[in-house]
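**Q** Questions regarding the structure given below will be posed in turn.
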Amino acid sequence: QDNSGISDRSFVSTNFRMGWGRQRPLFKKAVLFSGFDLLLAPRYNNFSVLEETDFGTARRIRSSIRITTGGGPFVGFQYNFSPTWGLYTEASYYLNVFYENIDSRIEGIPIFDEQTQQFGYSGSLSLPTNIALYYKF
């Protein structure tokens with residue numbers, strides 16, 4: 001019986017952002033806003049799969065913890081239909097740094113245990129491709 005491909009996965013990711021900004025009226029119902037955001041994004045990922053090895057069927061397990069932090073400027077446009085309803089869109093650029101700890105092993109075969117650590121950075125540009133309808137309480 002071939003058990004390869006049977007997998008189990010757990011994934012948890014959060015994204016905390018805090019920003020400072022200001023609004024500048026363009027005309028009666030429109031506002032231009034800009035500012036700076038900070039980001040903290042922890043993530044946990046665990047994956048396992050049954051596979052055939054020289055020692056028989058074994059479970060390969062890979063788990064990782066990644067912490068990303070960064071920040072960047074944003075700019076947006078907001079149109080207010082009323083004091084409570086409106087539309088907005090926003091563009092942003094983030095420069096992020098991350099640390100990741102990865103643990104890979106084959107259950108029951110200790111010679112395949114491996115732990116690695118990674119550091120890195122990335123930049124991401126988010127253009128105003130979405131328009132959000134909002135309601136203020």
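**Q** At Ser124 and Thr14, where each label point lies 7 Å from the Cα along Cα→Cβ, what is the point-to-point distance in nanometres?
**A** 1.8
**Q** Whole-Hz ³J(HN,Hα) for each residue in the stretch 8-13, computed from phi via Karplus 6.51 cos²θ - 1.76 cosθ + 1.60 with θ = phi - 60°, x for glycine and proline: what do you get?
**A** Values, residue by residue: 9, 9, 10, 8, 9, 9 Hz.
**Q** At R0 = 30 Å, how high is the FRET efficiency between Phe98 and Leu26 if r is their beta carbon distance? Nearest 0.05 is fine.
**A** On the way: r = 37 Å, r/R0 = 1.24.
Taking R0 as 30 Å, the efficiency between Phe98 and Leu26 is 0.20.
**Q** Now a separate question. Leaving out ligands and nucleic acids, note down the accessible area per residue over the stretch 1-134 with a 1.4 angstrom probe, in whole Å². Spell out each step's value before the answer.
**A** Numbers: 9240 Å² over 134 residues.
That works out to 69 Å² for each residue.
**Q** If you don't mind, another one. With a 1.4 Å probe and every protein chain kept in, tell me what percent of the accessible surface of the stretch 73-137 is carbon plus sulfur. Please list the in-between numbers first.
**A** Numbers: 2840 of 4650 Å².
Answer for the stretch 73-137 is 61 percent, counting heavy atoms of protein chains only.
**Q** Distance in nm between label sites at Ile109 and Thr89, each 7 Å beyond Cα in the beta-carbon direction?
**A** Each label point is offset 7 Å from its Cα along the Cβ direction, giving 5.3 nm.
The values are calculated or read from the model by the stated rules, or taken from the named source; none is laboratory data. The structure displayed is predicted, hence computed values, not measured ones. When we count neighbours, we look across all protein chains shown, and the Cβ atoms used for this are built from the backbone with ideal geometry, even at glycine. Heavy atoms of the whole protein, side chains included, go into the accessibility calculation; ligands, DNA and RNA do not. Shrake-Rupley method; radii C 1.70, N 1.55, O 1.52, S 1.80 Å.
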